[in-house]
Amino acid sequence: MTDNRKDGLLLGKAVPAVTHYSPETLYPIARNTARETLGLTGELPFHGADLWHAYELSWLDPAGVPGSWVGRLLLPATSPRMVESKSLKLYLNSLNNHRFASEGEAVATITADITAVVGEAVSLELFQPDDPQLAGIALRGDCLDHLGVAAPGTEPDGSRLIVSGQEVVTRSCFSHLLRSLCPVTGQPDWATVWLQYRGREIEPRTLLAYLLSFRQHQEFHEQCVERIFVDILRHCRPDSLQVQAFYTRRGGLDINPFRSTDPAGKPLPRLNRQ
């Protein structure tokens, strides 16, 4: 596992609240480091994005009056870097006492700052905190959690996934039991993981056992989803595949990495548990 403990990484450190606009707080993490461990050194086998919700967005208008928003931030999976979550939280908090002439100016500033860090254009939508568009969705497909599979106690191994029969099927399924560990602090991260594929059927018990094997695995959210996607693609060889994880909120942020064989595929919004 690559050590991400760099001098500038704020994760796992006590950091005082930032009281002024501080774009320098944003911390980049190169995507290619983890991708190289998956053998991804050329063209990527997926498309997609990292969908973030920021629930604690606030800044001042020209008269010094504060407002509150929820932000929906989209980072392309093709960006050379991702942004570390604690640094993003601190950056967004640094806007709390900053005055913007308009919501448009705030959005332009935030997207420009994050784009500069990740290396590709990002987008940001603003919502009022009670906007019905923020309601959690119900996932389509079959929940695997009733299968009663024991946690393997081993690292993820895609070779243990089993496909059955020759018939080509289309399946959607999900599990609320995805648990992985932060590679810096070792603390658990929880998520629901959803996948949809077309191809020979993946034996559900082996799929759930594979997902449960992440319980002691240390990687960032985005890296876990790419590992799941690549393992299924390599060992089960579906004609099409989509994988998305819905990680629960930390520090006013949730992360929902989405990877797909379809260049037109779009991430689903959010779940109630988030």
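The values are calculated or read from the model by the stated rules, or taken from the named source; none is laboratory data. Keep in mind that what you see is a predicted model, and the values were worked out from it rather than measured. Positions of Cβ are backbone-derived with ideal geometry, glycine not excepted, and every protein chain shown enters the neighbour counts. Each accessible area value is taken on the protein alone, full model and side chains, heavy atoms only, with ligands, DNA and RNA left out. Shrake-Rupley method; radii C 1.70, N 1.55, O 1.52, S 1.80 Å.
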- Query: Under the Karplus relation 6.51 cos²θ - 1.76 cosθ + 1.60, θ = phi - 60°, what is the ordered set of whole-Hz ³J(HN,Hα) values for region 250-267, x standing for Gly and Pro?
  - Reply: 9, x, x, 10, 10, 10, 10, x, 10, 10, 8, 6, 8, x, 8, x, 10, x
- Task: Before rounding to the nearest 500, sum -39500 (n - 2.57) across all DSSP H runs of length at least 4 in the chain and divide by the residue total; then give [θ] at 222 nm in deg cm²/dmol.
- Result: -6000 deg cm²/dmol
- Item | Quotient of Cα Rg and 2.2 N^0.38 Å for the chain, N being how many residues it contains | 1.04
- Task: Starting from the amide H of GLU84, placed 1.01 Å from N in the peptide plane, find each other amide H under 5 Å away whose residue is 5 or more places distant or on another chain.
- Result: TYR27, ILE29
- Label point distance in nm, GLU120-ASN272, each placed 7 Å from Cα along Cα→Cβ: 3.4
- Query: Cα axis of helix 103-118 to longest principal axis of the chain: angle in degrees, 0 to 90, nearest 10?
  - Reply: 50
- Item | Accessible area per residue, Å², the chain with all protein chains present, probe 1.4 Å | 45
- Query: Roughly how many percent of the accessible protein surface of the chain is carbon and sulfur, given a 1.4 Å probe and a whole-percent answer?
  - Reply: 51
- Just subtract the alpha-carbon distance of GLN128 and THR41 from 0.36 nm times their residue separation and send over the number in nm, one decimal. 27.2 nm
- Across region 187-194, in residue order, what do the Karplus-derived ³J(HN,Hα) couplings come to in whole Hz, using 6.51 cos²θ - 1.76 cosθ + 1.60 with θ = phi - 60° and x for Gly and Pro? 7, x, 10, 10, 7, 9, 10, 10
- Item | Rounded accessible area of ARG273 (nearest 10 Å², 1.4 Å probe) | 100
- Item | ASP239/ARG99 FRET efficiency (R0 35 Å; Cβ-Cβ; nearest 0.05) | 0.10
- Query: If you plug each phi of region 148-154 into the Karplus form 6.51 cos²θ - 1.76 cosθ + 1.60 with θ = phi - 60°, what whole-Hz ³J(HN,Hα) values come out, in order, with x for Gly and Pro?
  - Reply: x, 7, 6, 5, x, x, 10
- Task: State, in angstrom, two size descriptors of region 131-270 derived from its alpha carbons: Rg to one decimal place and Dmax to the nearest whole number.
- Result: 14.6, 46
- Query: LEU147 versus SER22, label points 7 Å from Cα toward the beta carbon: distance in nm?
  - Reply: 4.5
- Item | Amide hydrogen neighbours beyond the local backbone of LEU271, cut-off 5 Å, H modeled | ILE137
